[in-house]
């Protein structure tokens, strides 16, 4: 990075030390924050980059990376998960390592661990906004700030973008939003299928809980005082489904049950364990800590299909009604409103087993209802993983998004697909945009149910 730019960084820090907020508001509801300190960059980041780290006043750790040839734009990252563990600095290092391509492409990058573990979207959005202010106050004032949400963090980014706007902040905090592999239907709809998984699994396996253990409503995940561990749950799925073994080594009965779950819930066998984890431990977090002990999840009215005997399955699965007040509380924290005043560009691998493409179809409806349909462009890829699609994918999306912001050139799925191959020489192979793909409605993937 050039000497002139570092003088600019020092000047920004000096202004902050003198009590001048770079957003022009002086002391605000977020309060004053300490300056970050120099830190080692992860190996994946170019050696010429500079990293800074810190812990904000709410308890979240963060990491900032500045490339030597900074293009003047900031990518503010909201990570996926969420983790149920207390935050650690290592989480920020893991996130920057995964998204090092942003720094390689010339963007400054900043990511927060969020202040606490758990399914708390508004707090995570606030922590992300706090980091934006830390960057502007103590590091530099970027020309453009793009809010990037990944997986569950896409919901965080959507919430932040609709909460922190020019109207609420006093100046435009985010110029654009990039949503990748997003869980975008909010908590009250994105997790319905995980309750479906719990009840179908229990119908087939009857060991979560066992008949010898105290019964509890499956839509609470676990009782608040349960001592079940991840290893305990793994042992139960291994016992019933043989998930710890290759398919060829399972018993015929185990494989039959695996196939039933995959067909009814419409997830690959490889995703059963992770989704069951969510429907166990994350559901407990939601119910115990976020919704006053009542569950926002229900399966009343669901008709399950795809098993060898759907009539027996529908007659045998346990049924639960979502608590209306819990739904309201959970929706307020997690559900998008679609009122995002800046351009939004999204991408998703078509076969994503964690965040279904049908969630994007629902998000498009929400954006339309919120008056933001013209500010959303959705793209899809034929290759990738939930956690990461490919190196050239993300710089392509960033280029398209910034051209939209700065030149008014709204991208299309086709134009994004056309632009990607030119970046493969720099970032490696990996372009697989499918410009003609459109996802089906969410109700075609997750059966509809009676809602409060």
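The values are calculated or read from the model by the stated rules, or taken from the named source; none is laboratory data. This one's a predicted model, so the numbers in the text were calculated from it and none came from an experiment. For neighbour counting, all protein chains shown are included, and Cβ atoms are generated from backbone atoms with ideal geometry for every residue, glycine included.
Before moving on, here are some points about what is shown:
- When residue 299 is tested against (1) closer than 25 Å to residue 439 by Cβ; (2) crowded, with 22+ Cβ neighbours inside 10 Å; (3) within 23 Å of the chain's Cα centre (by Cα), exactly one condition is not met: (3).
- In region 420-429, the residues that are within 26 Å of the chain's Cα centre (by Cα) and under 22 Å from residue 74 (Cβ atoms): 423, 427
- Selection of region 246-276 for residues being touching a helix residue (DSSP H, G or I) at 6+ places or on another chain (Cβ under 7 Å), surrounded by fewer than 16 Cβ atoms within 10 Å (Cβ to Cβ) and part of a helix (DSSP H, G or I) yields only 247.
- For region 172-209, residues that are in contact (Cβ under 8 Å) with a residue 40 or more places away in the chain, farther than 30 Å from residue 350 by Cβ and part of a loop (DSSP other than H, G, I, E, B) total 3.
- In this structure, residue 338 qualifies as assigned to a loop (DSSP other than H, G, I, E, B), at positive phi and in contact with a helix residue (DSSP H, G or I) (Cβ under 8 Å, 6 or more places away or on another chain).
- Within region 94-123, the residues that satisfy the criterion of being in a helix (DSSP H, G or I) and within 12 Å of residue 62 (Cα to Cα) are 94, 95, 96.
- Filtered residues of region 341-354 (kept if part of a loop (DSSP other than H, G, I, E, B) and buried (at least 18 other Cβ atoms within 10 Å of the Cβ)): 342, 343, 352, 354
- Residue ID - modelled with the lowest pLDDT, chosen from residues in region 150-171 that are in a loop (DSSP other than H, G, I, E, B) and farther than 20 Å from residue 81 by Cα: 170
- The criterion of at least 1 residues that are without any contact (Cβ under 8 Å) to a residue 40 or more places away in the chain and crowded, with 18+ Cβ neighbours inside 10 Å is met by the following helices (runs of 4 or more DSSP H) wholly inside region 372-452: 393-407, 413-419.
- Qualifying residue in region 139-149 (condition: closer than 25 Å to residue 284 by Cβ, outside any strand (DSSP E or B) and in contact (Cβ under 8 Å) with a residue 12 or more places away in the chain): no
- Test: residue in region 72-93 that is part of a loop (DSSP other than H, G, I, E, B), modelled with pLDDT of 95 or more, within 26 Å of the chain's Cα centre (by Cα) and on the phi > 0 side of the Ramachandran plot: yes
- The set of residues from region 277-293 being surrounded by 17 or more Cβ atoms within 10 Å (Cβ to Cβ) and part of a loop (DSSP other than H, G, I, E, B) comprises just one member, 291.
- When restricted to residues that are free of Cβ contacts under 8 Å to residues at least 12 places away in the same chain and either surrounded by fewer than 12 Cβ atoms within 10 Å (Cβ to Cβ) or under 26 Å from the mean Cα position of the chain (by Cα) (or both), region 211-231 contains 9.
- In the set 368, 361, 312, only one residue is assigned to a helix (DSSP H, G or I), in the same structural domain as residue 76 (by TED's automatic domain parsing) and free of Cβ contacts under 8 Å to residues at least 60 places away in the same chain; that residue is 368.
- The set of residues from region 96-128 being closer than 19 Å to residue 182 by Cβ, surrounded by fewer than 22 Cβ atoms within 10 Å (Cβ to Cβ) and touching a strand residue (DSSP E or B) at 6+ places or on another chain (Cβ under 9 Å) comprises just one member, 98.
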